[in-house]
Amino acid sequence: MKRTYAVIVALAAALSLSSCSATPTDQLAELRTAINAGKECPELFPLLKAIPNSEAAQGEMRSIGCYSSSSKRSDTERSKTDPNSDWIGVTGGKRVEVSNECLNASKRAANEVNSEAAEMLIRRTLEACQETNEWLSAVAKYPGVMGMVEGSIPSVTDIEVACMIHPDTAVCKDFGKL
(Lines give C-alpha, C1' and ligand atoms only; values in the text may rest on other atoms or scores of the structure.)
Protein backbone atom coordinates (compact mmCIF):
# COMPACT_ATOMS: atom_id res chain seq x y z
CA MET A 1 0.00 0.00 0.00
CA LYS A 2 2.83 2.40 0.91
CA ARG A 3 4.57 1.52 -2.33
CA THR A 4 1.44 2.27 -4.39
CA TYR A 5 1.08 5.60 -2.60
CA ALA A 6 4.75 6.43 -3.27
CA VAL A 7 4.30 5.62 -6.97
CA ILE A 8 1.21 7.81 -7.18
CA VAL A 9 3.02 10.70 -5.45
CA ALA A 10 6.03 10.30 -7.76
CA LEU A 11 3.78 10.20 -10.82
CA ALA A 12 1.87 13.31 -9.69
CA ALA A 13 5.15 15.14 -9.10
CA ALA A 14 6.45 14.16 -12.53
CA LEU A 15 3.23 15.31 -14.20
CA SER A 16 3.29 18.65 -12.41
CA LEU A 17 6.93 19.18 -13.39
CA SER A 18 6.24 18.29 -17.00
CA SER A 19 3.46 20.88 -17.16
CA CYS A 20 5.95 23.48 -15.94
CA SER A 21 8.47 22.56 -18.60
CA ALA A 22 6.70 24.25 -21.50
CA THR A 23 9.17 26.60 -23.09
CA PRO A 24 8.36 30.28 -23.60
CA THR A 25 8.49 29.55 -27.36
CA ASP A 26 5.73 26.93 -26.98
CA GLN A 27 3.70 29.34 -24.86
CA LEU A 28 4.16 32.11 -27.44
CA ALA A 29 2.98 29.73 -30.16
CA GLU A 30 -0.06 28.91 -28.03
CA LEU A 31 -0.79 32.64 -27.60
CA ARG A 32 -0.45 33.23 -31.36
CA THR A 33 -2.81 30.34 -32.08
CA ALA A 34 -5.38 31.81 -29.70
CA ILE A 35 -4.98 35.27 -31.28
CA ASN A 36 -5.44 33.81 -34.77
CA ALA A 37 -8.51 31.90 -33.54
CA GLY A 38 -10.10 35.25 -32.64
CA LYS A 39 -9.99 34.88 -28.85
CA GLU A 40 -10.82 38.07 -26.97
CA CYS A 41 -8.52 39.96 -24.57
CA PRO A 42 -9.89 38.41 -21.34
CA GLU A 43 -9.20 34.95 -22.79
CA LEU A 44 -5.73 35.91 -24.00
CA PHE A 45 -4.36 37.53 -20.84
CA PRO A 46 -3.91 34.27 -18.88
CA LEU A 47 -1.82 32.98 -21.81
CA LEU A 48 0.24 36.20 -21.83
CA LYS A 49 0.85 36.00 -18.08
CA ALA A 50 2.20 32.46 -18.51
CA ILE A 51 5.02 33.80 -20.72
CA PRO A 52 7.74 35.35 -18.57
CA ASN A 53 9.09 38.72 -19.79
CA SER A 54 8.25 38.27 -23.45
CA GLU A 55 8.39 41.49 -25.45
CA ALA A 56 7.21 39.53 -28.48
CA ALA A 57 4.06 38.38 -26.68
CA GLN A 58 3.39 41.86 -25.32
CA GLY A 59 3.89 43.34 -28.78
CA GLU A 60 1.43 40.92 -30.32
CA MET A 61 -1.15 41.76 -27.65
CA ARG A 62 -0.69 45.50 -28.27
CA SER A 63 -1.01 44.94 -32.01
CA ILE A 64 -4.54 43.69 -31.53
CA GLY A 65 -5.49 46.30 -28.95
CA CYS A 66 -5.27 44.09 -25.84
CA TYR A 67 -3.67 46.48 -23.35
CA SER A 68 -5.45 44.95 -20.34
CA SER A 69 -7.68 41.98 -19.63
CA SER A 70 -10.73 44.24 -19.97
CA SER A 71 -9.69 45.67 -23.37
CA LYS A 72 -11.59 44.88 -26.55
CA ARG A 73 -9.67 43.76 -29.59
CA SER A 74 -9.22 46.60 -32.07
CA ASP A 75 -8.08 44.45 -34.98
CA THR A 76 -11.36 42.62 -35.52
CA GLU A 77 -12.80 44.98 -38.12
CA ARG A 78 -9.49 45.52 -39.90
CA SER A 79 -8.86 41.77 -40.02
CA LYS A 80 -12.09 41.28 -41.95
CA THR A 81 -10.40 43.10 -44.88
CA ASP A 82 -8.45 39.93 -45.63
CA PRO A 83 -8.57 37.29 -42.88
CA ASN A 84 -5.73 35.37 -44.56
CA SER A 85 -3.40 38.39 -44.63
CA ASP A 86 -0.22 38.26 -42.56
CA TRP A 87 -0.66 41.99 -41.92
CA ILE A 88 -3.68 43.41 -40.12
CA GLY A 89 -6.00 45.07 -42.61
CA VAL A 90 -3.75 44.74 -45.68
CA THR A 91 -5.34 43.06 -48.69
CA GLY A 92 -3.12 40.27 -50.03
CA GLY A 93 -0.64 40.66 -47.18
CA LYS A 94 1.99 37.92 -47.22
CA ARG A 95 5.44 37.57 -45.69
CA VAL A 96 8.02 37.58 -48.45
CA GLU A 97 11.79 37.28 -48.82
CA VAL A 98 13.31 40.70 -48.11
CA SER A 99 16.23 42.04 -50.15
CA ASN A 100 19.47 42.86 -48.34
CA GLU A 101 19.10 46.52 -49.28
CA CYS A 102 15.63 46.66 -47.72
CA LEU A 103 16.73 44.78 -44.60
CA ASN A 104 19.80 46.97 -44.09
CA ALA A 105 17.77 50.16 -44.47
CA SER A 106 15.18 48.83 -42.02
CA LYS A 107 17.79 47.84 -39.46
CA ARG A 108 19.36 51.32 -39.63
CA ALA A 109 15.95 52.99 -39.22
CA ALA A 110 14.97 50.71 -36.33
CA ASN A 111 18.19 51.45 -34.46
CA GLU A 112 18.06 55.25 -34.86
CA VAL A 113 17.14 57.02 -31.62
CA ASN A 114 16.98 60.56 -33.03
CA SER A 115 13.46 61.02 -34.40
CA GLU A 116 14.51 63.60 -37.01
CA ALA A 117 17.21 61.32 -38.38
CA ALA A 118 14.82 58.36 -38.18
CA GLU A 119 12.33 60.12 -40.44
CA MET A 120 14.78 60.21 -43.32
CA LEU A 121 15.74 56.60 -42.63
CA ILE A 122 12.08 55.55 -42.81
CA ARG A 123 11.91 57.20 -46.23
CA ARG A 124 15.00 55.21 -47.20
CA THR A 125 13.22 51.95 -46.23
CA LEU A 126 10.28 52.90 -48.45
CA GLU A 127 12.71 53.41 -51.34
CA ALA A 128 14.97 50.39 -50.66
CA CYS A 129 12.05 47.99 -50.42
CA GLN A 130 10.21 47.55 -53.70
CA GLU A 131 6.67 46.69 -52.67
CA THR A 132 4.20 46.65 -49.79
CA ASN A 133 4.73 43.06 -48.64
CA GLU A 134 8.51 43.42 -48.71
CA TRP A 135 8.35 46.57 -46.56
CA LEU A 136 5.89 45.03 -44.10
CA SER A 137 8.05 41.88 -43.90
CA ALA A 138 11.04 44.08 -43.06
CA VAL A 139 9.00 46.00 -40.46
CA ALA A 140 7.97 42.66 -38.91
CA LYS A 141 11.67 41.81 -38.56
CA TYR A 142 12.65 45.30 -37.36
CA PRO A 143 9.49 46.77 -35.77
CA GLY A 144 11.46 49.71 -34.40
CA VAL A 145 11.25 51.21 -37.91
CA MET A 146 7.76 52.36 -36.95
CA GLY A 147 8.43 52.65 -33.21
CA MET A 148 6.87 49.31 -32.39
CA VAL A 149 8.21 46.62 -30.05
CA GLU A 150 9.30 43.11 -30.96
CA GLY A 151 6.34 40.91 -31.74
CA SER A 152 4.16 43.69 -33.08
CA ILE A 153 2.21 42.71 -36.16
CA PRO A 154 2.42 45.36 -38.89
CA SER A 155 -0.92 46.75 -39.96
CA VAL A 156 -2.46 48.89 -42.63
CA THR A 157 -2.10 51.84 -40.24
CA ASP A 158 1.69 51.54 -40.26
CA ILE A 159 1.95 51.76 -44.01
CA GLU A 160 -0.73 54.46 -44.25
CA VAL A 161 1.20 56.65 -41.79
CA ALA A 162 4.50 56.15 -43.62
CA CYS A 163 2.88 56.79 -47.01
CA MET A 164 1.11 59.96 -45.86
CA ILE A 165 4.54 61.45 -45.32
CA HIS A 166 6.38 59.79 -48.24
CA PRO A 167 3.78 59.08 -50.96
CA ASP A 168 6.27 59.26 -53.84
CA THR A 169 8.31 56.21 -52.77
CA ALA A 170 8.29 52.78 -54.45
CA VAL A 171 6.48 51.06 -51.61
CA CYS A 172 3.81 53.74 -51.32
CA LYS A 173 3.15 53.70 -55.05
CA ASP A 174 2.71 49.93 -54.81
CA PHE A 175 0.47 50.29 -51.76
CA GLY A 176 -1.70 52.76 -53.69
CA LYS A 177 -2.45 50.00 -56.22
CA LEU A 178 -3.87 47.61 -53.58
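The values are calculated or read from the model by the stated rules, or taken from the named source; none is laboratory data. Bear in mind that the values here come from a model prediction, so they are computed numbers and not experimental data. All Cβ positions, even for glycine, are placed from backbone atoms using ideal geometry, and neighbour counts span all protein chains on display. Surface areas here come from the heavy atoms of the whole protein model, side chains and all, with no ligands, DNA or RNA. Shrake-Rupley method; radii C 1.70, N 1.55, O 1.52, S 1.80 Å.
Pairs linking a residue in region 34-53 that is over 17 Å from Asp75 (Cβ atoms) to a residue that is assigned to a helix (DSSP H, G or I) and open to solvent by less than 50 Å² (accessible area, probe 1.4 Å), with Cβ atoms under 8 Å and 6 or more positions apart or on different chains, are Ala50/Gln27; Ile51/Gln27; Ile51/Leu28; Ile51/Leu31; Ile51/Ala57. There is no residue in region 148-157 that is assigned to a loop (DSSP other than H, G, I, E, B) and over 13 Å from the mean Cα position of the chain (by Cα).
For every residue, the table says whether it meets (1) over 19 Å from Val139 (Cβ atoms); (2) at pLDDT 85 or above; (3) open to solvent by 80 Å² or more (accessible area, probe 1.4 Å); (4) assigned by the TED database to the domain that holds Val139.
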{"residue": "Leu17", "(1), (2), (3), (4)": "yes, no, yes, no"}
{"residue": "Glu30", "(1), (2), (3), (4)": "yes, yes, yes, no"}
{"residue": "Pro42", "(1), (2), (3), (4)": "yes, yes, no, no"}
{"residue": "Arg62", "(1), (2), (3), (4)": "no, no, yes, no"}
{"residue": "Gly65", "(1), (2), (3), (4)": "no, no, no, no"}
{"residue": "Thr81", "(1), (2), (3), (4)": "no, no, no, no"}
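If the condition is being within 15 Å of the chain's Cα centre (by Cα) and either assigned by the TED database to the domain that holds Ile122 or open to solvent by less than 80 Å² (accessible area, probe 1.4 Å) (or both), then region 83-95 contributes Ser85, Asp86, Trp87, Ile88, Gly89, Val90, Gly93.
State all residues of region 78-136 that are without any contact (Cβ under 8 Å) to a residue 60 or more places away in the chain and aromatic (Phe, Trp, Tyr); if no residue qualifies, say none. Within region 78-136, Trp135 is the sole residue that qualifies.
Quickly run through region 105-131 and pick out the residues that are surrounded by fewer than 24 Cβ atoms within 10 Å (Cβ to Cβ), under 29 Å from Asn84 (Cβ atoms) and of a type in the set (S, T, N, Q). Passing the criteria: only Gln130.
Here Ser68 passes the criteria (1) out of contact with any Phe, Trp or Tyr (no Cβ under 9 Å at 6 or more places or on another chain); (2) within 20 Å of Glu30 (Cα to Cα) except the one numbered (1). The requirement of being over 11 Å from the mean Cα position of the chain (by Cα) and more than 16 Å from Thr81 (Cβ to Cβ) is satisfied by Glu134.
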